[in-house]
Every structure is written in structure tokens, then in C-alpha cells.
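Each remark here refers to the structure printed beneath this line.
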Amino acid sequence: MTWSHVRRSTEKRAERRHPERKHPERPVPAATHGQHRRPAHPAVRASAMVTAFAGTVLFGVVLARLTLEPSAASAALVHSNVRPGRSISAYLDGTSTIEAVRQLGGNLLLGLPFGVLLPVLLPPARGLLRVGAVTVCLMTLVELVQGALVTGRVFDIDDVILNTAGALLGYLLIGRRLGRAVHPRRRHWWTRRAAEPRDT
């Protein structure tokens, strides 16, 4: 028996023992995370965005009634606050439990719809940091307007903080899943970079 016959018989025995090594030049492609889920039908996406738009308009009306309605009786009682945590501490230490829950919980609930509606209405705003940034900008604008133009209303940075916390909570509970169900999965820059072919 020649050396070539011995080598071929050895290779055949190795292939029978380890069939996955038969074609090492053909790696099995790894499954992409989220590849099994197909994007929603365009009609479903359009309906979801219309519903989100209607919900945003309704929420805007409620927000305007709660924050931009004058309150002359409170003009001498309220003061502006630009120090984070000052109003929250005052509610926790200087008021009853019911009043603290009403004030703090109300501001949390006021920001909740942002985290639910933004991922559906504005797909580029999806993501925890983006939802938080958009909510901070919008609620800061609302606080500035009510503090400058509305009688009995003042700017309070703690309201912005609580509204943003509510928006982040709404996004984590509902908005993230709802946005992924309606819109195609957003590819992050690091996944796009890893998928680019590299020159050898």
C-alpha cells in the first residue's frame, strides 16, 4: 500500500467521524438576531401611525388643559424652580401622602404617553436615549411657555424630570415592543459596520 492510499483512507475515516469538517471553506452562516420577524404590513403600519397621531393630538389637548390653563389663585403661592429635586423633596416632606402621590404620580403619568406614542409616530425617535431627549426638549418648552405666559404657572425643572421618567417608563413597558411590531427593526451603526466587507 502506497503512502497516498494511506492518506486517503485516513481522510475518509476522519470525514466519517467528523462530517462537519468535510467542507471547512463553507462556514454555516449565523442567524441574524431578529431575522425571523417580518416587518408589519404597510396597511398595518399606516393604521398604527394614524392612531398614534390621533392619540398624540388628544394627548396634546389634555396637556394644554393641564399646563397652560391660567390659575390666578395660585399666582402668589407658586415659585419657579431650577434646582433639580427641590420640588420633589418639598412634596415628600411638606405635604400629605395623598398630595405627594397626586403631584408626583400625575407628572409621571403625564409623560407616559410620550414613551408609548413616539416610537410609533416617529420611527427615528426609537430608542431609550432618543425618547428621553425628545421628551426633555418638549416638556422644557412647555414649562418655559407656561412660566412666561400663563398666570399662576411657573417653570419647574422637577416637572421635566418626572415627565421624562414617565416617558422612559412608558417606552420600556409598551413603546419599545410596539415600535418594533409596527416598524422594521432599526440597525445600529455598530451592526452595520460589522456587516461591511473588510479588505484583506
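The values are calculated or read from the model by the stated rules, or taken from the named source; none is laboratory data. Note that this is a predicted model, so its numbers are computed, not measured. Counting neighbours? That spans all protein chains shown, and the Cβs are built from the backbone with ideal geometry, glycine included. Surface accessibility is based on the protein's heavy atoms, side chains included, excluding ligands, DNA and RNA. Shrake-Rupley method; radii C 1.70, N 1.55, O 1.52, S 1.80 Å.
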Just a yes or no: is a residue in region 87-102 in contact (Cβ under 8 Å) with a residue 60 or more places away in the chain, assigned to a loop (DSSP other than H, G, I, E, B) and either crowded, with 16+ Cβ neighbours inside 10 Å or touching a Gly at 6+ places or on another chain (Cβ under 9 Å) (or both)?
no
Taking region 128-181 and keeping residues of a type in the set (Asp, Glu) and part of a helix (DSSP H, G or I) leaves 143, 158, 159
Return the total of residues in region 121-131 being surrounded by 18 or more Cβ atoms within 10 Å (Cβ to Cβ) and modelled with pLDDT of 90 or more.
1
Mind listing just one residue for me: the one in region 143-167 that is open to solvent by less than 30 Å² (accessible area, probe 1.4 Å) and among the hydrophobic types (A, V, I, L, M, F, W, C) and, of those, nearest to residue 82 (Cα to Cα)?
160
Of the conditions (1) modelled with pLDDT of 65 or more; (2) surrounded by 10 or more Cβ atoms within 10 Å (Cβ to Cβ), residue 74 clears all except one; give me its number.
(1)
Within the set of pairs 6+ apart or on separate chains, which have a first residue in region 36-47 that is surrounded by 12 or more Cβ atoms within 10 Å (Cβ to Cβ), a second that is at pLDDT 65 or above and among the basic types (Lys, Arg), and C-beta atoms under 9 Å apart?
39/45; 39/185
